[in-house]
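S.K.: One structure follows; several queries about it will come next.
The values are calculated or read from the model by the stated rules, or taken from the named source; none is laboratory data. No experiment lies behind these values; they were computed from the predicted model shown. Note: ideal-geometry Cβ built from the backbone for every residue, glycine included; neighbour counts use all protein chains shown. Side chains are part of the model used for accessible areas, which takes the heavy atoms of the whole protein and leaves out ligands, DNA and RNA. Shrake-Rupley method; radii C 1.70, N 1.55, O 1.52, S 1.80 Å.
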Amino acid sequence: MSFTRSQSLDGSFPPSPAEDRGSVRLSWGSLVHRLTELKRVSLSSNSDLDCSSTEPGSDSCCMETDCTFLFHALEESLATELLSTIAQSLIDASHTLGCSKIILPDCLLLSIHQELLHLAVGEPCGLRGAVVDLCVDKGDQSCLCSVGQITVDPTLVPTFNVTLVLRVESSGLWPKVQRFFRGSRSAQSSERTQVILSSSFRAMKRKLYSSAELLVEDCC
């Protein structure tokens, strides 16, 4: 499994420049190990459920339960890997956004993780079929700033596109302090400011194999 994006993914090698599009492979050995451990914990915690029943269909029921468990565990793992890639892409885009550092609230990352899993429900290949476009709304009446595009599994034909429109935090004391100092410094020094992303964002999903309407969800 590999993701394709404009920066490196998992620290296996240093991040590449924004204009260089590469791919980094997800370690299947590590993933299978995690799935095995999760399944072992799940089975031990449910040891009171006897799957060795002689009732008709009990074996197929257990197999279906195992497959469902593995699918959801795989989706969770993919979502975690994808979220890490998204976070790194945003951090690496600080120069593109004209700042020295981008701060990502934990609640924002959690919401994105949950939204990705939600949008992948019912898709033929699950989250593996997603292509994610990252954009940032700087809130200054300018057009959206494109950060990059992430293909979850380049070996598959994508089945749906997700555009995440993240927003720069405009409320609170910190943005006001930044605006004050921007007004009293040169344009060069203003580029050394920090940008905090808001916990709210917009997610837009478009199916690539049907003419279904564009799904737009505002997440807080």
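S.K.: Where does the charge balance sit around residue 156 when Lys and Arg score +1, Asp and Glu -1, over other residues with C-beta under 12 Å from its C-beta?
M.R.: Residues close to residue 156 contribute a combined charge of -1.
S.K.: Rounded, prolate or oblate, given the Cα gyration tensor of the range 82-149, with a/c below 1.5 counting as rounded?
M.R.: The shape class here is prolate.
S.K.: How much accessible surface area, in Å² rounded to 10, belongs to the heavy atoms of residue 100 with a 1.4 Å probe?
M.R.: Residue 100 exposes around 60 Å² with every protein chain in place.
S.K.: Amide H to amide H under 5 Å from residue 198: which residues, 5+ apart in sequence or cross-chain, H placed 1.01 Å off N in plane?
M.R.: HN-HN under 5 Å from residue 198: 167, 168, 169.
S.K.: Kindly state, to the nearest 0.05, the FRET efficiency for residue 214 paired with residue 100, given R0 = 30 Å and r defined as their beta-carbon distance.
M.R.: Working from the Cβ atoms, E equals 0.30.
S.K.: Scan around residue 138 for amide H atoms under 5 Å from its own, H built in the peptide plane at 1.01 Å from N, and keep only partners 5 or more places away or cross-chain.
M.R.: Amide H neighbours of residue 138, under 5 Å, 5+ apart: 145.
S.K.: Which order do 207, 138 take by accessible area at a 1.4 Å probe, largest first?
M.R.: Numbers: 207 60, 138 80 Å².
These residues rank, largest area first, as 138, 207.
S.K.: Given a Förster radius of 25 Å and the C-beta distance between residue 123 and residue 170 as r, what FRET efficiency does 1/(1 + (r/R0)^6) yield to the nearest 0.05?
M.R.: Rounded to the nearest 0.05, the efficiency is 0.15.
S.K.: Sticking with this one: Probe 1.4 Å, all protein chains in place: accessible area of residue 91 in Å², nearest 10?
M.R.: For residue 91, solvent-accessible area is about 80 Å².
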